[in-house]
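First up is the structure itself, then whatever we jot down about it.
The values are calculated or read from the model by the stated rules, or taken from the named source; none is laboratory data. Small disclaimer: the values here were computed from a predicted structure and weren't measured. Note that we place each Cβ from the backbone using ideal geometry, even for glycine, and neighbour counts take in every protein chain shown.
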């Protein structure tokens with residue numbers, strides 16, 4: 001599904017071109033093209049039916065997560081802005097020569113972090129792959145990236161974030177009101193993420209309207225609780241997706257431990273405090289005066 005894009009922000013426009021329609025960043029890989037793209041698409045139709053060709057392109061896109069495609073779209077934007085500034089012809093943008101790629105990297109020396117340019121280049125590389133264009137990134141491009149890394153401005157360097165500690169967890173326990181449905185959901189999310197070693201994005205949803213049952217656990221998920229022969233209680237539930245296993249998901253085991261922040265107790269309490277949340281809602285959703293609300297990353301943080 002292609003959503004309607006908003007008006008571009010300042011600094012995020014390209015010269016008008018039939019090759020680059022105004023679309024969402026995540027759709028640029030598929031909908032921004034070049035003369036080479038026309039040749040590739042024609043070769044597809046020479047060998048495949050239109051349905052098979054479309055299916056192939058869909059599968060290629062599906063190999064990259066939507067959020068990653070959005071980041072890749074930013075790379076395409078910056079690359080074409082650079083090409084526009086030099087009046088580079090459409091034919092020379094895809095496939096891009098190594099000289100052009102290296103010059104693009106050099107253009108950003110001393111202005112952005114090398115990781116940012118790496119992401120942009122990854123987007124360009126995938127755009128080439130998606131259009132079956134040769135990628136000319138070799139020794140010259142690698143050397144230009146090395147030079148870029150030595151000219152990174154201090155303003156683009158972020159300090160390492162300190163780790164979450166047990167003291168932080170105890171502070172949550174002491175200052176949250178566990179008679180409140182929202183605080184109970186926040187506390188449970190924090191305890192499960194901390195003790196069960198989960199990424200936050202595997203437990204909560206990015207925004208209110210972004211719930212996807214194939215990616216996010218819902219309240220209909222089965223939660224089994226049992227006690228071992230030596231008296232240790234634990235609960236198990238399955239999350240449908242993780243960053244490492246993708247659609248295989250993972251079983252999360254919340255074990256009762258000798259600590260006030262143990263995830264087992266927090267989980268049982270959350271399910272009880274928010275018992276009226278419907279089965280189709282996200283797992284860590286919480287009750288509100290008007291019904292319920294999903295636990296989003298913004299709400300949690």
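Considering only the stretch 221-228, I want to know if a residue exists there that is farther than 20 Å from residue 257 by Cβ, in contact (Cβ under 8 Å) with a residue 60 or more places away in the chain and touching a strand residue (DSSP E or B) at 6+ places or on another chain (Cβ under 9 Å).
Yes: the stretch 221-228 contains one or more residues that are farther than 20 Å from residue 257 by Cβ, in contact (Cβ under 8 Å) with a residue 60 or more places away in the chain and touching a strand residue (DSSP E or B) at 6+ places or on another chain (Cβ under 9 Å).
Residue 270 is checked against (1) in a loop (DSSP other than H, G, I, E, B); (2) farther than 18 Å from residue 199 by Cα; (3) touching a residue at least 40 places away in the same chain (Cβ under 8 Å) and fails just one. What number does that condition carry?
(1)
Kindly evaluate residue 184 against the criterion of being in contact (Cβ under 8 Å) with a residue 24 or more places away in the chain and not in a strand (DSSP E or B).
Spelling it out, residue 184 is indeed in contact (Cβ under 8 Å) with a residue 24 or more places away in the chain and not in a strand (DSSP E or B).
What is the one condition in (1) under 29 Å from the mean Cα position of the chain (by Cα); (2) surrounded by 13 or more Cβ atoms within 10 Å (Cβ to Cβ) that residue 259 does not satisfy?
(1)
Scan the helices (runs of 4 or more DSSP H) fully inside the stretch 37-143 and keep the ones with 2 or more residues being in contact (Cβ under 8 Å) with a residue 24 or more places away in the chain, surrounded by 17 or more Cβ atoms within 10 Å (Cβ to Cβ) and touching a helix residue (DSSP H, G or I) at 6+ places or on another chain (Cβ under 7 Å).
The helices (runs of 4 or more DSSP H) meeting that bar are 66-85, 98-107, 114-130.
Could you tell me whether residue 173 is assigned by TED's automatic domain parsing to the domain that holds residue 271 and outside any helix (DSSP H, G or I)?
So residue 173 does not fit the description; no.
Being under 30 Å from residue 146 (Cβ atoms), at pLDDT 95 or above and more than 19 Å from the chain's Cα centre (by Cα) is true for just one of 87, 52. Which residue is that?
Being under 30 Å from residue 146 (Cβ atoms), at pLDDT 95 or above and more than 19 Å from the chain's Cα centre (by Cα) holds for just one of 87, 52, which is 87.
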